[in-house]
Amino acid sequence: MASDLRPPEHQVAGHRASADKLGPLVDGEGLFYKPLQAGERGEHEAAFYAAFTAHPAVPPRVRGAFFPRFHGTRFLPAPASPGGAPYPHIVLDDLLAGLPSPCVADVKIGACTWPPRSPDPYVAKCLAKDRETTSALLGFRVSGVRVVDARGGAVWRPDRSELKGIDAAGVRRVLRRYVSTGGGDDLDCALAAAVYGGEGGVLAQLRELKAWFEEQTLYHFYSASILFGYDANAAAAAAPGGGSGGVRVKLVDFAHVDDGDGVIDHNFLGGLCSLIKFIGDIVAEVTEKASSDHS
């Protein structure tokens with residue numbers, strides 16, 4: 001199996017695995033291997049997955065629909081690890097498995113991205129990044145995005161530095177580009193109905209997730225992301241009728257989850273509501289345009 005491990009081709013955020021750097025791997029069999037982060041973060045994330053998977057107060061629907069399935073931890077050969085020794089990895093479902101032409105967006109949720117009791121230098125680092133991106137302003141930021149044009153196969157994947165400097169208008173453009181065909185400034189939002197709208201679309205799934213966050217007081221999710229994924233060809237085929245393009249919406253990155261202590265996670269919930277507003281506006285705009293075109 002080890003010889004089949006490789007960096008995810010469609011990774012849009014986080015460190016990419018290489019000969020001298022640890023990073024996530026996939027095996028082509030539907031599993032995703034995430035190296036434990038340094039210090040306490042990696043152990044904390046593995047412990048969260050183990051506890052969350054078995055927590056009786058987490059609705060099975062929420063666990064199954066919005067969180068990666070946890071398959072334990074495993075030591076893998078890692079030339080980039082200290083001394084080249086096998087390194088522990090969290091084993092999860094590969095959330096993009098089965099999508100021939102995946103379009104991916106990684107959206108980090110929350111105006112505050114550090115958990116309580118963090119060291120002052122770490123707080124300062126996070127605060128600076130939250131202020132120079134849209135996290136502090138909007139309650140979320142787009143960390144990475146990859147869009148495949150179903151017509152020609154061209155891939156749009158902006159650099160992190162490009163995403164880092166965008167404002168609210170830039171976020172709106174990126175979210176529109178994510179569901180547009182073609183490139184450049186031609187943001188036709190042709191796939192918005194299939195990807196964002198409909199019963200199984202991003203908007204409906206985010207609203208279901210929001211309903212849980214309006215009630216759950218088990219956890220506070222700091223610096224966690226929501227991952228969107230859809231197949232460009234499936235969405236293009238579904239677009240004319242506005243049907244579902246097989247959209248996936250998952251939470252990822254749990255190295256900074258904190259106990260909820262019976263309190264609503266307002267930081268995550270606020271960012272989620274903000275993201276829902278941005279995507280809802282795009283769906284409303286596309287729906288209104290479609291209605292006017294047919295009138």
Practice task
Please tell me if residue 292 is at pLDDT below 95 and either of a type in the set (Val, Ile, Thr) or on the phi < 0 side of the Ramachandran plot (or both).
Solution key: yes
Exercise for the section: Answer yes if at least one residue in region 72-95 is surrounded by fewer than 13 Cβ atoms within 10 Å (Cβ to Cβ) and within 24 Å of residue 267 (Cα to Cα), and no otherwise. Expected result: no
Practice task
Please go through region 183-229 and pick out each residue that is open to solvent by 10 Å² or more (accessible area, probe 1.4 Å), touching a Ser or Thr at 6+ places or on another chain (Cβ under 9 Å) and under 30 Å from residue 47 (Cα atoms).
Solution key: 222, 223
Exercise for the section: May I ask you to list the residues in region 262-279 that are out of contact with any Lys or Arg (no Cβ under 9 Å at 6 or more places or on another chain), among the small types (Gly, Ala, Ser) and within 19 Å of residue 205 (Cα to Cα)? Expected result: 270, 274
Practice task
Of all residues in region 141-184, count the ones that are more than 22 Å from residue 111 (Cβ to Cβ), in a strand (DSSP E or B) and in contact (Cβ under 8 Å) with a residue 60 or more places away in the chain.
Solution key: 3
Fill in the blank from the handout: All conditions in (1) open to solvent by less than 10 Å² (accessible area, probe 1.4 Å); (2) over 22 Å from residue 250 (Cα atoms) are true of residue 144 except (2)
Problem - Scope region 115-140; condition part of a loop (DSSP other than H, G, I, E, B) and touching a helix residue (DSSP H, G or I) at 6+ places or on another chain (Cβ under 7 Å); matching residues - result: 133, 134, 139
Completion exercise
Heads up, the strands (runs of 3 or more DSSP E) in region 29-114 (entirely inside) with at least 1 residues that are under 30 Å from residue 133 (Cα atoms) and modelled with pLDDT of 90 or more are 31-35, 87-93, 102-109
Practice task
Take the residues in region 30-45 that are within 16 Å of residue 222 (Cα to Cα) and touching a Phe, Trp or Tyr at 6+ places or on another chain (Cβ under 9 Å), then tell me which one is least open to solvent (accessible area, probe 1.4 Å).
Solution key: 45
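Each row is one residue, and each column tells you yes or no for (1) open to solvent by 20 Å² or more (accessible area, probe 1.4 Å); (2) of a type in the set (Gly, Ala, Ser); (3) out of contact with any Ser or Thr (no Cβ under 7 Å at 6 or more places or on another chain).
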{"residue": "249", "(1), (2), (3)": "no, no, yes"}
{"residue": "253", "(1), (2), (3)": "yes, no, no"}
{"residue": "264", "(1), (2), (3)": "yes, no, no"}
{"residue": "267", "(1), (2), (3)": "yes, no, yes"}
{"residue": "270", "(1), (2), (3)": "yes, yes, yes"}
{"residue": "273", "(1), (2), (3)": "yes, no, yes"}
{"residue": "282", "(1), (2), (3)": "no, no, yes"}
{"residue": "290", "(1), (2), (3)": "yes, yes, yes"}
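So, restricting to helices (runs of 4 or more DSSP H) that lie completely within region 188-295, which ones have at least 1 residues that are without any contact (Cβ under 8 Å) to a residue 24 or more places away in the chain?
Hits in region 188-295: 202-213, 232-238, 266-294.
The values are calculated or read from the model by the stated rules, or taken from the named source; none is laboratory data. Not measured: the values here are computed from a predicted model. Quick reminder, even Gly has a Cβ in these numbers, built from the backbone with ideal geometry, and neighbours come from all protein chains shown. Please note that ligands, DNA and RNA were not included when accessible areas were found on the heavy atoms of the full protein model with its side chains. Shrake-Rupley method; radii C 1.70, N 1.55, O 1.52, S 1.80 Å.
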